[in-house]
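*Asks:* To start, I am sharing the structure in question, which I have written as structure tokens.
The values are calculated or read from the model by the stated rules, or taken from the named source; none is laboratory data. Values in this document were obtained by computation on a predicted structure and should not be read as measured data. Cβ coordinates were reconstructed from backbone atoms using ideal geometry, including for glycine residues, and neighbour counts include every protein chain displayed. The area values use the complete protein model at the heavy-atom level, side chains included, leaving out ligands, DNA and RNA. Shrake-Rupley method; radii C 1.70, N 1.55, O 1.52, S 1.80 Å.
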Amino acid sequence: MNDSTLYLVKLGEISLKGLNRDFFEKRLKINLKNKLKGYRTQVSKQKGRIFFEISNDCPKETIERAFSTTFGVVGYSRCLRCEKDMEQIKQTARLLIEDAPFSSGKGSFKSISKRADKQFTFTSYDIDCELGGVVLDTYPEMHVDVKHPDMIITCEIRDKAYLYTSAKPGPGGLPVTSAGKGMLLLSGGIDSPVAAYRMAQRGLKMECIYFHAYPYTSDQALEKVKTLASLLAPYLQGTRLHVVPFTEAQLWIKQHSPEDETTLMFRASMMKVANKISVQQEGLCIVTGEAMSQVASQTLESLSFTDSMSDQVVMRPLVGMDKQEIMDLAKKIGTYETSILPYEDCCVIFSPRHPLVRPDKNIVTEHYHAMGIEALLDEAVANTEVFDFGPDGQLR
């Protein structure tokens, strides 16, 4: 396509796959094409690389957002391609470095050449010298630093010569949906969006479940969760938010369980509902943002009890993480500022003053079944409201 721009996409873990590598590469191409839907794209594959040719009417911001939020992408660069001729390579290099980051004309650089085609006359060292000469002729104030350069210019000799500058980082990991589908308990706090990010990085597709106890939790709290779902959607290749009306269930628990057990009963009931919705949506697991011993309901004994309420495996990607680590990752992915907005979730509103920390699993299980709450949970599932978010984060 003459009216297009070429991008090189670097693969990481996918490149280490064996006979099923094609499966992961195909999934990655599908995910990227979905994010660039509406624009002409042409994809070619070479060892360890995928080349995307994207029509020039696609905004640069859209392209960069697609690459930077798609798991499986380790790095990406705008790339120029030419024939395997040294004069053409040098001419193409001059065009390339007129653009950022070289356009400042200052700082250090290095050149890296890779010859997949060993028949090419010039050695990698020869190409490096020629490229270095082009940079220094164009920007005399720059200098070479092979250990810690500010900028890098790379030339790969394959079927043609491909030139690009320092790659921008992608999120790495494996393409979303390559590991199946799960359901995320999205509370509105700091932890659950980070849990979603980490599981998506391992290829898990997720829908979100939020428990809304209106009027005890406000519509502002619901809007906050919708915003979090929209921020997560690009990483999740789009997502669906299930808003479960939970007021009647929580009031029932408050009236029919010992006060120090109410948080445990809330969590157990939520796990039951999540399991029901996951089965309906053909999910295979439940994902939560719980970390070991962070609060009373996250002790080993408490987690053992709540896990028993799900027929599906419960994934806790943050279980061994320090709170500061979680907060740092939340800031990196852009969910932190929304998560700390002062709208409390339903568990906080109904929390007992002195929650049971180390419950006896047999005793609390008896108490749970004695509440007779199943009909209310089925009603909550039946009345769940659904919101769909596309890969661009927009509500559909």
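*Asks:* Among Val134, Ala167, Thr263, which residue has its Cα positioned farthest towards the positive end of the charge dipole of the chain, with +1 placed on the Cβ of Lys and Arg, -1 on the Cβ of Asp and Glu, and the dipole taken about the Cα centre?
*Replies:* Sorting the options by dipole projection puts first Val134.
*Asks:* Here's something else I'd like to know. Assign one of three labels to the range 279-323, namely rounded, prolate or oblate, based on the Cα gyration tensor with a ≥ b ≥ c the square roots of its eigenvalues; rounded applies when a/c is under 1.5, prolate when it is not and a/b is larger than b/c, and oblate otherwise.
*Replies:* Judged from the Cα gyration tensor, the range 279-323 comes out oblate (a/c at least 1.5, b/c at or above a/b).
*Asks:* Assign unit charges at the C-beta atoms only (+1 for Lys and Arg, -1 for Asp and Glu), then state the dipole size of the range 125-205 relative to its Cα centre in Debye, rounded to the nearest 20.
*Replies:* In debye, rounded to 20, the range 125-205 gives about 920.
*Asks:* So for the range 1-150, what percent of the C-alpha to C-alpha distances run longer than 19 Å?
*Replies:* Cα-Cα pairs of the range 1-150 separated by over 19 Å account for 61 percent.
*Asks:* Pairs Lys33/Lys60; Lys60/Lys160; Lys90/Lys168; Lys35/Lys276; Lys26/Lys332: which exceed 20 Å Cα-Cα?
*Replies:* Lys60/Lys160; Lys90/Lys168; Lys35/Lys276; Lys26/Lys332
*Asks:* Of His354, Leu204, Ser104, whose Cα points farthest to the positive end of the dipole of the chain (charges on the beta-carbon: +1 Lys, Arg; -1 Asp, Glu; origin at the Cα centre)?
*Replies:* Among His354, Leu204, Ser104, the one farthest towards the positive end of the dipole of the chain is Ser104.
*Asks:* Next question, about the same structure. Solvent-accessible area per residue for the range 191-240 at a 1.4 Å probe radius, Å²?
*Replies:* 29 Å²
*Asks:* Quick one: the Cα spread of the range 133-270 along its three principal axes, in angstroms, biggest first?
*Replies:* 79, 33, 25
*Asks:* Follow-up question, since we're still on this one. For the chain, give me the percentage of DSSP beta bridges that are antiparallel, rounded to the nearest 5 percent.
*Replies:* Antiparallel: roughly 60 percent of the beta bridges in the chain.
*Asks:* Could you list the GluC sites (Glu not before Pro) in the range 233-336 that lie in coil according to DSSP, counting only those with at most 12 other Cβ atoms within 10 Å of their Cβ?
*Replies:* Of the GluC sites (Glu not before Pro), the ones in loops of the range 233-336 whose Cβ has at most 12 other Cβ atoms within 10 Å are Glu282.
*Asks:* Still on this structure, please answer the following. Is the C-alpha gyration tensor of the chain telling us rounded, prolate or oblate? Criteria: a/c under 1.5 is rounded; beyond that, a/b larger than b/c is prolate, otherwise oblate.
*Replies:* Because a/c hits 1.5 or more and a/b exceeds b/c, the chain counts as prolate.
*Asks:* May I pose another question? Taking all protein chains as present, what is the carbon and sulfur share of the accessible area of the chain, in % to the nearest whole number, probe 1.4 Å?
*Replies:* Its accessible area is 50 percent carbon and sulfur atoms.
*Asks:* In square angstrom, what is the accessible area per residue of the range 255-342 with a 1.4 angstrom probe?
*Replies:* 44 Å²
*Asks:* Taking H placed 1.01 Å from N in the peptide plane, check which residues at least 5 places from Cys208 or on another chain put their amide H under 5 Å from its amide H.
*Replies:* Leu184, Arg240, Leu241, His242
*Asks:* Given a 1.4 Å probe, how much area per residue of the range 78-134 is accessible, in Å²?
*Replies:* Accessible surface, normalised per residue, equals 54 Å².
*Asks:* Using +1 at the C-beta of Lys and Arg and -1 at the C-beta of Asp and Glu, which of Ile14, Gly320, Gln250 has the Cα lying farthest in the positive direction of the dipole of the chain?
*Replies:* About the Cα centre, the residue reaching furthest to the positive side is Ile14.
*Asks:* Using the crude model of +1 on Lys and Arg Cβ and -1 on Asp and Glu Cβ, and no other charge, please compute the dipole size for the range 1-124 relative to its Cα centre, in debye to 20.
*Replies:* 500 debye
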